[in-house]
Amino acid sequence: MHEAIAALSARTQFYMTLLSVFAVIAVLLTAAGLYGLMAFLVQQRRRELAIRAALGATPLDVQGMVVMQAGTLCGVPLAVALNRVTISLIFGIRSWDPLVFALVPVVLGAVSLLAAYAPSVSASRVNPAGALRAEG
């Protein structure tokens with residue numbers, strides 16, 4: 001009997017493992033893309049950040065400005081609003097899963113903060129004089 005139950009659940013277990021692997025890959029791709037975007041934005045705003053540093057902004061102020069650009073809070077209300085559309089497209093999902101709506105923003109917020117941290121550190125180390133002399 002145990003073998004029959006194991007055989008029946010093997011396919012579901014395989015699909016869940018495969019789905020988990022794809023989810024981890026998606027989170028890693030999101031982090032890499034967000035890191036690239038934040039590094040590009042820091043490079044584009046180098047002169048502005050140098051001016052702010054020259055006018056007295058501390059490195060923590062500059063880091064805070066860069067990290068705040070990577071916020072994900074606007075996605076939660078959008079997900080709640082599009083909940084009904086998702087339910088109509090995918091059969092068998094619950095209409096309200098509080099664990100998902102609580103866990104996903106926390107995970108994506110942590111990923112965005114970690115991806116934005118390295119560009120924010122490089123932005124806080126901008127030499128104001130060198131950045132302002134450089135060609136725009």
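The values are calculated or read from the model by the stated rules, or taken from the named source; none is laboratory data. Because the structure is predicted, anything quoted here is derived from the model rather than measured. Reconstructed Cβ throughout: ideal geometry from the backbone, glycine too, with neighbour counts over all protein chains shown.
Tabulated results
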| read-out | value |
| --- | --- |
| Residues located in the range 3-57, provided they are within 21 Å of VAL126 (Cα to Cα) and of a type in the set (Ser, Thr, Tyr) | TYR35 |
| Single residue of VAL67, VAL106 found to be at pLDDT below 85 and more than 30 Å from ALA131 (Cα to Cα) | VAL106 |
| Residue match in the range 56-64 (condition: surrounded by 11 or more Cβ atoms within 10 Å (Cβ to Cβ), out of contact with any Pro (no Cβ under 7 Å at 6 or more places or on another chain) and at pLDDT below 80) | no |
| PHE101 vs. criteria modelled with pLDDT of 85 or more, aromatic (Phe, Trp, Tyr) and in a helix (DSSP H, G or I) | no |
| Residue among ALA4, ALA50 that is without any contact (Cβ under 8 Å) to a residue 24 or more places away in the chain and part of a helix (DSSP H, G or I) | ALA4 |
| GLY92 being touching a Leu at 6+ places or on another chain (Cβ under 9 Å), at pLDDT below 75 and surrounded by fewer than 14 Cβ atoms within 10 Å (Cβ to Cβ) | no |
